[in-house]
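In what follows, a structure is listed as structure tokens, so that the remarks can point back to it.
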Amino acid sequence: MGFQVKNLSICAWSGFFLLLCSCQSSKPNKSSSENPSSFSGNTVLGLGAEKVQIQKKLQASNLELEWLEIRKLIVEAQIRSDEARRSEIILESEFLKFQAIEDRFPSDKGFITEGKRIEWLARLKVKNAETKRQRAAVRLLSRDMKELEAKLFRKGFHYQLPNPRVDLSANSHPK
């Protein structure tokens, strides 16, 4: 029985060493940059280049979104500024009409009382201040846009407005 146990342990140890030696031999390693991924078939270098490209695209998209947001604010501010100026012009033209009527009024007392004149001038002053405030808002937003344009330029991005002013007059359309 001792001989059989001894032979069995020798066979077990021999089998273990054979298994260990056979596991030691492996395929030659390729460098990790050349080893294609079993998932997508891409290499590490290819994935790195694609990652950099996507990162630049994301950065460009985020900067474009920021540019569009500021551009939208500028256009809205320009609209408010133009509306304020139009309102000021309308009020001033109405005042000038009343002034013209007073100049033609036959009485020395006049058509417009002093209280009404002060009221008209105060309303004109308020409209003028509103127009100035709206124009200042446009200038501030334009300054922010200039800063963003400088940031875009420093990062190597360029853009071009397709048509900053659009002529929508009735006679601008060919028939």
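Every number here is computed from the coordinates shown, using simple stated rules; none is lab data. As the structure is a computational prediction, the values presented were derived from the model and not from experiment. Positions of Cβ are generated from backbone atoms using ideal geometry, with glycine treated the same way; all protein chains shown enter the neighbour counts.
Tell me, in nm to one decimal, what length is gained between Thr43 and Leu140 on full extension, where the rule is 0.36 nm per residue of separation less the Cα-Cα distance? Don't skip to the answer; put the middle values down first.
Numbers: separation 97, 0.36 × 97 = 34.92 nm, distance 4.90 nm.
The span from Thr43 to Leu140 would gain 30.0 nm if fully extended.
Between His158 and Leu65, the modelled labels are 2.6 nm apart [label points 7 Å from Cα along Cα→Cβ]. Cα extents for region 50-158 along the principal axes, largest to smallest and rounded to whole angstrom: 86, 16, 14. For region 44-51, the Karplus equation 6.51 cos²θ - 1.76 cosθ + 1.60, evaluated at θ = phi - 60°, returns couplings of 5, 5, x, 5, x, 5, 5, 4 Hz by residue, with Gly and Pro reported as x. Relative to the current alpha-carbon distance between Arg123 and Ile101, full extension at 0.36 nm per residue lengthens the span by 6.0 nm.
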